[in-house]
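Step one of this worksheet: look at the structure below.
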Amino acid sequence: MERFTRLGAALLLALGLGVAPAAMAPAAAHGGKIDIELGTDGAGGVSAALAWAGDGHPVEESAVVVVRAVSDDGEEIGPVTLVSASEGVGWYQSEPELLGEGHWTVTAQVKEPKKAEVEVEVDVVAPAAPPSESAAPESESESQPAGSDAAGVNPEADAAGAADDGSPASGGLPAWTGWALVALVVAGVATVVVLLRRRAT
């Protein structure tokens, strides 16, 4: 009986020793190298994603990420400490428009929980200009030909038409008035001639 007890204890000990390393493997992977994915949003903001190289899991521990940048024109930015972003675990970012327009060489250093460093080149382009407002339509006065009123009618043509159809024209008597006077004069002369002839007979 004692022999079987010792054998069972040995088996349990062996199983325990075999399981322990397997259970500790993920923790050991988290203690390896940190990979830094560094980039920009295209408008000058710098961001860094931290992950454990062993398993690719995000770095959940609080990290200190410092960036420096140098442009092709010699402008230097930094050191600037990135802040934890609300988008996800292991994600850090700078304030918007940290870098101006141009080509930049950006270096990021992780000081905690484990030291790491990476250098990348990024391009920052100027923000797109807002679409210009469409030109205002021409006013009615500009779109109408000279000499026309708001309704598109030519006053001079209206005056000429009024004179032709016998309606009053501005600034004078109607055209038919002259013809009426001539008719009255002719009728009067005819009447006088008739009366004179009767008297002579």
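When the range 111-126 is examined, which residues are found to be within 28 Å of Asp73 (Cβ to Cβ) and open to solvent by less than 40 Å² (accessible area, probe 1.4 Å)?
If we filter the range 111-126 for residues that are within 28 Å of Asp73 (Cβ to Cβ), which is where we start, we get 117-126.
Of everything in the range 111-126, those that are within 28 Å of Asp73 (Cβ to Cβ) and open to solvent by less than 40 Å² (accessible area, probe 1.4 Å) turn out to be Val118, Val120, Val122, Val124.
Quick one: is Leu82 buried (at least 16 other Cβ atoms within 10 Å of the Cβ), touching a residue at least 12 places away in the same chain (Cβ under 8 Å) and within 17 Å of Val122 (Cβ to Cβ)? If you could, list the steps in order and put the result at the bottom.
Working: buried (at least 16 other Cβ atoms within 10 Å of the Cβ): yes; touching a residue at least 12 places away in the same chain (Cβ under 8 Å): yes; within 17 Å of Val122 (Cβ to Cβ): yes.
Yes, satisfied.
The values are calculated or read from the model by the stated rules, or taken from the named source; none is laboratory data. Remember, it's a predicted structure, so these values are computed and weren't measured experimentally. Cβ coordinates were reconstructed from backbone atoms using ideal geometry, including for glycine residues, and neighbour counts include every protein chain displayed. Areas reflect the complete protein model, heavy atoms only, side chains present, ligands, DNA and RNA absent. Shrake-Rupley method; radii C 1.70, N 1.55, O 1.52, S 1.80 Å.
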